[in-house]
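Taking it in order: structure first as structure tokens, then the write-up.
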Amino acid sequence: MSETLLSVRDLKVNYRVGGGGIDAVDGATFDVPRGSIVGLVGESGCGKTTVARALTRVMADNARITGGQMLLEGTDIAAIPERQMNALRWRDIAFIPQSAMNSLDPVYTVEYQLSEVLRRRGGMGARQARTRSEELFDMVGIEKSRLRDYPHQFSGGMRQRVAIALALALNPKLVIADEPVTALDVIVQRQILDQLRELQTMLGISVILVTHDISVVAYICDMTVVMYAGRIVEAGPMKAVLTRPSHPYTMGLRNAFPDLAGAASGTLTPIEGAPPNLLEPPPGCRFAPRCPFALDICTKVSPPLRELEPGHRVACHRADEAAVLRELAAKTETWLAHA
Amino acid sequence: MLDVASRKPNLVARLLRSLRLPLNDPFALFGLAIYVVFVLTAICANYLAPYDPTEILYTPSYDLAADLRPGQEGFVLGTTSLGRDIFSQIVYGTRSALLIGITAAFMVALIGSIVGLISGYFGGWVDALLMRLADIAFGIPFLPFVIVLAAFLKPSVWNVVIAMALVLWRDTARVIRSQVLTLRTRGYVDAARVAGSSDLKIILRHITPNILPLSFLYGSIAIGWAILTEASISFLGFGDPESISWGYMLQDAFASQALAKQAYYWFVPPGICIILVVSAGFFITRGYENILFPKLGR
Amino acid sequence: MDSNETLVSVRNAQLHYGVGGALQALRGRSSVVKAVDGVSFELKRGESVGLLGESGCGKTSMGRLLLKLEEATGGEIFFAGQPIVGLRGAALRQYRAKAQLIFQNPFDAVNPRFTIRATLSEPLENAKIPVREREGRIIDALELVRLPQPQQFLNRYPHQLSGGQLQRVVMARALILQPEFVVADEPVSMLDVSVRAGVLNVFRDVRDRLGLTAIYISHDLALVRYVCERTIVMYLGRIMEDGPTEDIVHEPLHPYTRALVAAVPVPHPDQSHDPLPIGRGAPDPRNPPSGCVFRDRCPYAFDRCASEVPQLRQAGTRRVACHLF
């Protein structure tokens, strides 16, 4: 078995809007190793949710995969017919949608919803499904007796656990979680993340965690993929990306998160401006308009994703100067001067 | 109550825009076209109708111009058993139909909206009281009520309008109240309160513009009901014999055994007119629905 | 400006809702939700206090009580010595000019059909500011929140602005009558991360410049710390701990605060993954435990916790409601 479970190569997803189209994802390339948690991080509109949904091929009506490959253990799931893809859903790839808490059907018991997946998709018999349901609830930390409850009888955090149980029902190899803890309080968030990591280690599954919060990434992910305006700007081992950020956007993003463990009097530095309008993206690097280190070439030529150190890739023309830029980026004046 | 500090486009344009006329839907457009035709007919009735609808007419040879077929003696749609011109009756009937329809619709929309606004916004005992009144209105069967009213007051076309104003605001009120309850929870309503705006100001400036399309929706439904009810009442004989409406024509035709006489030209035209106007109302309603609730997924 | 003057004084404030009905009572569920249940604290003029807690703790309700968007069902609230519970009419309008709210979701907090100018004019109209002064004050307010070239925004509609810009407009609206007291309800939680910093910096700056007394409601301790020198931690409608933010962050006393502080993730890889010192389960405002409302999740609970409600007692620099202190 190879080390890599999923290999995304140059993925392009287009949304038909009005007269034209938006390339919400414009050439995304990254790998998901077996048995690891990959954080897909970025702000709203960067394309991370689109990538997540493209992987399951359950997308909006006006969305189309217009290029690239998604190789799941060798099979290009971007290209296979719907029937084949449907066989993979829940069994090999599972998805936890953004407000998973609200995606549970309120008129059916949780047990019913679990058994629907187990029996219809998994082909299990009634007794087998029952046993498995109890097993799943055990795994996610809910008492078995609550199987017969309705979704509204659970709190937000518990419903999220139910959603995780649903995703794990048929032992998938890959679980894609779209902002699974965003709407939860910080204590519940921590407990869910702990549970997710425990499960991931226990079952050896791979998880793609889509989030906008790099603290969550720092807490739980092994690898990090940073997206901006539909492109991947930096990718690599979480430690490397967070302690040695090499793309100006990642550097700026770090400045924007207050650090509880750090000093109180720090200043939070915003990145002035806003992400580009994807109907008319700027030529060259899409971050260039907001980047304090932009050169002339940045506005003309799109920087390719280059490997800086093993496993750590950056899409920046000035990637070689990363160490110097990092020091400058840590200073507030750098960003204010550019604004 | 206009905001002096802003420069908004003129009031009429804004009002029209706030109505959100459903111009995309072909059915609705058709409905609007029909309305336009009938409205123009009603306005120009004096010019379009060759005769007075109640006038008993005679042929040049001094016979009663009764039961004439279409085309005979120059009567476009023929005449009734009493010698009245059917075409003129149709044309003048438009006035009666539209007058009742629009007045009734306006009353229903107005009363319903006001009740819904007050009920939804203030809640509490006011809401409870108004909704109990609506419950009572729901319990009243409409047509019998109109008949009873006609029995008490003298027969008149306005009976229908009064009856509708008393009873049919109930649907509108309920729906508008729901909408207001939702709107009330919007942040900007709280913001307006914190900014010191009075309840009246909040209702007029923040909430009413959002419920106007719904009011018009229910108004357009009400037009159809009013016309149908008036026709029913007239047909049953409780209408005003002085004013010629399409319903009256149907009743007249029935009483004169028009079917036996195969006088299709007498009862088919008013029937078609009623169908057209009421359907037009419903088509427009449909158009509004598509605008207000696009997720109904037609 | 007398920095020792108490501006806001809350004494045993309560906000109880009646819910459900006979049916709920039959199932043994209480029909009262105690959103705020006996909260007492004081704010000095110029203080910035964070109201910290998770959903259902009552922090938003407390904010609404302070702004009279809800009426307290018990207790007293004073502003500059005047009671505000039961305030009406002209006196209420005067209070509204002095106490303002900054909302959580900027797109929900402004009427989407109003231009920015109209949105900002509303408070001015209510305060009967003469028409010729209004435009000037609107521009001033927009400059205060550092929106560049304010004139360009006046005729725009909310959907034409970004989240960060719109939130500044919301702030401008709150500040346009130069209030003394501002409640900010999670003002950046709906904004993108890289935009939050900008809005928070403006908030801090404005607060300092105008000498505002502020309450900052949030569930995010890191943000509260950035803005407030003092923090009040709430749980199920009651105050658990109240003291200087730094002390709370570095040395939390109350068991709930300890769990809260431990739970906050930080943006770098070296952080503790130890399990939290707190039981599972979620707070149910309808059926709070007897005695200390936190006791069913508290790792240190003992019998006194079930029988006696812990009072807020002074422990060093802060107040704690726990039998351990």
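The values are calculated or read from the model by the stated rules, or taken from the named source; none is laboratory data. On a predicted model such as this, the values are computed, not experimentally measured, just so you know. Cβ coordinates were reconstructed from backbone atoms using ideal geometry, including for glycine residues, and neighbour counts include every protein chain displayed.
Counting the residues of the range B:54-74 that are under 19 Å from residue B:267 (Cβ atoms), surrounded by 14 or more Cβ atoms within 10 Å (Cβ to Cβ) and modelled with pLDDT under 80 gives 1. Taking (1) touching a residue at least 60 places away in the same chain (Cβ under 8 Å); (2) under 19 Å from residue B:70 (Cβ atoms); (3) β-branched (Val, Ile, Thr) in turn, residue B:285 satisfies each apart from (2). No other residue among A:248, A:258 is more than 19 Å from the chain's Cα centre (by Cα) and away from chain C (no Cβ under 11 Å) apart from A:248. State yes or no: is residue C:244 over 28 Å from residue C:147 (Cβ atoms), over 14 Å from the mean Cα position of the chain (by Cα) and away from chain A (no Cβ under 11 Å)? No: the conditions fail for residue C:244. Screening B:76, B:115, B:189, B:180 for residues that are within 14 Å of chain C (Cβ to nearest Cβ) and over 19 Å from the mean Cα position of the chain (by Cα) leaves exactly one candidate, B:189. Of all the numbered requirements in (1) touching a residue at least 60 places away in the same chain (Cβ under 8 Å); (2) outside any helix (DSSP H, G or I), residue A:197 misses one, and that requirement is (2). Residues that are β-branched (Val, Ile, Thr) and either in a loop (DSSP other than H, G, I, E, B) or without any contact (Cβ under 8 Å) to a residue 24 or more places away in the chain (or both) within the range A:226-245 comprise just one, A:243. Please find, within the range C:49-94, the residue that is farthest from the other protein chains (Cβ to nearest Cβ) out of those that are more than 20 Å from residue B:197 (Cβ to Cβ) and among the charged types (D, E, K, R). Going through the qualifying residues, I end up with C:76. Checked against the criterion of being in contact with a helix residue (DSSP H, G or I) (Cβ under 7 Å, 6 or more places away or on another chain) and farther than 30 Å from residue C:38 by Cβ, the range C:83-95 has no qualifying residue.
Can you work out which of the residues in the range C:78-97 that are in a helix (DSSP H, G or I) and basic (Lys, Arg) is surrounded by the fewest Cβ atoms within 10 Å (Cβ to Cβ)? Steps first, answer last, please.
Our first condition is that a residue be in a helix (DSSP H, G or I); within the range C:78-97, this holds for C:89-97.
Those still in the list that are basic (Lys, Arg) too: C:93, C:96.
On the way: C:93: 16, C:96: 23.
That would be C:93.
The residue that is farthest from residue C:12 (Cα to Cα), among those in the range C:283-297 that are buried (at least 17 other Cβ atoms within 10 Å of the Cβ) and within 13 Å of chain A (Cβ to nearest Cβ), is C:297. State whether the residues of the range B:10-29 include one that is in a loop (DSSP other than H, G, I, E, B), within 14 Å of another protein chain (Cβ to nearest Cβ) and at pLDDT below 75. Taking every residue of the range B:10-29 in turn, at least one turns out to be in a loop (DSSP other than H, G, I, E, B), within 14 Å of another protein chain (Cβ to nearest Cβ) and at pLDDT below 75. If you scan the range C:248-273, which residues turn out to be more than 8 Å from chain A (Cβ to nearest Cβ) and either over 30 Å from residue C:311 (Cβ atoms) or without any contact (Cβ under 8 Å) to a residue 12 or more places away in the chain (or both)? Those that are more than 8 Å from chain A (Cβ to nearest Cβ) and either over 30 Å from residue C:311 (Cβ atoms) or without any contact (Cβ under 8 Å) to a residue 12 or more places away in the chain (or both): C:250, C:251, C:252, C:270, C:272.
Going by the conditions given, is residue C:59 on the phi > 0 side of the Ramachandran plot and buried (at least 18 other Cβ atoms within 10 Å of the Cβ)?
Details: on the phi > 0 side of the Ramachandran plot: no; buried (at least 18 other Cβ atoms within 10 Å of the Cβ): yes.
Criteria not met by residue C:59.
Apart from one condition, residue A:94 fits all of (1) at pLDDT 90 or above; (2) out of contact with any helix residue (DSSP H, G or I) (no Cβ under 7 Å at 6 or more places or on another chain); the exception is (2). For the range C:196-208, a residue qualifies if it is surrounded by fewer than 23 Cβ atoms within 10 Å (Cβ to Cβ) and either touching a residue at least 12 places away in the same chain (Cβ under 8 Å) or among the acidic types (Asp, Glu) (or both), and the qualifying residues are C:202, C:204, C:205, C:206, C:207, C:208.
Only one of A:210, A:162 is more than 10 Å from chain C (Cβ to nearest Cβ), in a strand (DSSP E or B) and either crowded, with 19+ Cβ neighbours inside 10 Å or not aromatic (Phe, Trp, Tyr) (or both). Can you tell me which? Give the steps one after another, and end with the answer.
Working: A:162 fails: in a strand (DSSP E or B).
Testing whether each residue is more than 10 Å from chain C (Cβ to nearest Cβ), in a strand (DSSP E or B) and either crowded, with 19+ Cβ neighbours inside 10 Å or not aromatic (Phe, Trp, Tyr) (or both) leaves just A:210.
Here residue A:316 meets the list (1) modelled with pLDDT of 90 or more; (2) within 24 Å of residue C:197 (Cα to Cα) almost entirely, failing just condition (2).
Tell me which residues, restricted to the range C:121-141, are more than 7 Å from chain B (Cβ to nearest Cβ), surrounded by fewer than 15 Cβ atoms within 10 Å (Cβ to Cβ) and on the phi < 0 side of the Ramachandran plot. Residues satisfying the conditions are C:130, C:132, C:133, C:136, C:140. All of C:174, C:118 fail the test of being within 12 Å of another protein chain (Cβ to nearest Cβ), in contact with an Asp or Glu (Cβ under 8 Å, 6 or more places away or on another chain) and part of a helix (DSSP H, G or I), apart from C:118.
Can residue A:294 be described as assigned to a loop (DSSP other than H, G, I, E, B), more than 9 Å from chain C (Cβ to nearest Cβ), within 30 Å of residue C:231 (Cα to Cα) and of a type in the set (A, V, I, L, M, F, W, C)? Give the derivation first.
Working: assigned to a loop (DSSP other than H, G, I, E, B): yes; more than 9 Å from chain C (Cβ to nearest Cβ): yes; within 30 Å of residue C:231 (Cα to Cα): no; of a type in the set (A, V, I, L, M, F, W, C): yes.
Taking the combined requirement at face value, the residue does not satisfy it.
Number of residues in the range A:200-225 that are over 13 Å from residue C:263 (Cβ atoms), in contact (Cβ under 8 Å) with a residue 40 or more places away in the chain and small (Gly, Ala, Ser): the value is 2. Looking across the range A:189-205 at every residue that is in contact with a strand residue (DSSP E or B) (Cβ under 8 Å, 6 or more places away or on another chain) and surrounded by fewer than 23 Cβ atoms within 10 Å (Cβ to Cβ), the one that is nearest to the other protein chains (Cβ to nearest Cβ) is identified as A:197. Does residue C:134 satisfy the criteria of being over 28 Å from residue C:58 (Cβ atoms), basic (Lys, Arg), over 21 Å from the mean Cα position of the chain (by Cα) and in a helix (DSSP H, G or I)? Yes, satisfied.
With respect to the conditions (1) at pLDDT 85 or above; (2) in a helix (DSSP H, G or I), residue B:257 falls short on a single one, namely (2). Taken as a whole, the range C:158-172 holds no residue that is farther than 25 Å from residue C:61 by Cβ, basic (Lys, Arg) and more than 20 Å from the chain's Cα centre (by Cα). Filtering the range C:148-167 for residues that are at pLDDT 90 or above, touching a strand residue (DSSP E or B) at 6+ places or on another chain (Cβ under 9 Å) and not in a strand (DSSP E or B) leaves a non-empty set.
Restricting to the range A:261-273, and then to whatever is of a type in the set (A, V, I, L, M) and at pLDDT 80 or above, can you tell me which residue is nearest to residue A:334 (Cα to Cα)? Full working, then the answer.
Going through the range A:261-273, the residues of a type in the set (A, V, I, L, M) turn out to be A:261, A:263-264, A:268, A:271.
Subsequent filtering for residues that are at pLDDT 80 or above retains A:268, A:271.
Values: A:268: 13, A:271: 10 Å.
Among them, the one singled out is A:271.
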